[in-house]
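Trainee: Please read through the structure below; I'll follow up with questions.
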Amino acid sequence: MPVKHGNDTYYVEKIDDLVEIVTTFVFISTVQHAAVNYQQYDSYGFIPNNPIALRGDWPRSKAELTEKDVVNMLPSKEQTIKIMTLVTQLSIHGPERLGDFEVQYAYDPASLSAAQELRDELRDIESKLAQKNKKRKDKYRYLMPRYMPNCINI
């Protein structure tokens, strides 16, 4: 079956081709989404660290800026509150985690077995990461399986 993407044509000829396509969709809507969103508060929550808005004109030269110049460009108190509210909302973990479905649509034994195998593998990954975290100064948090959403839930 031909699939067009831009000027390219791809062919889904084998079940492995379809598995790769579906796996990519699942990865983007779960793991990649979590990787991008869940760390936003840590990056943007302290405005001077990574301001997503600045006031005034951009510097037009490479001349060194004073602390006062930088502080004057930072967002106002009102803008800061809006920014922090936004990044807080984007960083919230959704209620359903990958592999735990709100509604069960599949009842055939093969699907139920595959879903249980996924949950078991995620539990094993979580356990291994938890053990490694005991030895880490900075804990691995963002992509822990318990925080992986089932979907993009903004």
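Trainee: Here is a check on your reading of the model: is LEU18 assigned to a helix (DSSP H, G or I) and in contact with a helix residue (DSSP H, G or I) (Cβ under 7 Å, 6 or more places away or on another chain)?
Mentor: Numbers: assigned to a helix (DSSP H, G or I): yes; in contact with a helix residue (DSSP H, G or I) (Cβ under 7 Å, 6 or more places away or on another chain): no.
No; evaluated as a whole, the condition is false for this residue.
Trainee: Search the range 47-61 for residues being polar (S, T, N, Q) and assigned to a loop (DSSP other than H, G, I, E, B), and hand back the single one that is farthest from ILE81 (Cα to Cα).
Mentor: Out of the qualifying residues, it is SER61.
Trainee: I'm trying to understand the selection: among the residues of the range 10-48, which are modelled with pLDDT under 85 and loosely packed, with under 10 Cβ neighbours inside 10 Å?
Mentor: TYR11
Trainee: Which of the residues belonging to the range 91-115 are within 16 Å of MET148 (Cβ to Cβ) and not in a loop (DSSP other than H, G, I, E, B)? Before the answer, list the steps.
Mentor: The initial filter retains those residues of the range 91-115 that are within 16 Å of MET148 (Cβ to Cβ), namely 91-102, 115.
Selection gives SER91, ARG97, ALA115.
Trainee: Continuing with this model, one more query. Quick one: which residue in LEU86, LEU118 is within 30 Å of VAL3 (Cα to Cα), under 27 Å from the mean Cα position of the chain (by Cα), of a type in the set (A, V, I, L, M) and part of a helix (DSSP H, G or I)?
Mentor: Just one listed residue meets the conditions, LEU118.
Trainee: Answer yes or no as to whether ARG55 is farther than 24 Å from ARG146 by Cα and either of a type in the set (Lys, Arg) or at pLDDT below 85 (or both).
Mentor: yes
Trainee: Is it the case that some residue within the range 72-79 is exposed (fewer than 15 other Cβ atoms within 10 Å of the Cβ) and touching a helix residue (DSSP H, G or I) at 6+ places or on another chain (Cβ under 9 Å)?
Mentor: no
The values are calculated or read from the model by the stated rules, or taken from the named source; none is laboratory data. Predicted, not measured: the structure shown is a model, and the values here were computed from it. Methodologically, a virtual Cβ is constructed for each residue, glycine included, from the backbone with ideal geometry; neighbour enumeration extends over all protein chains shown.
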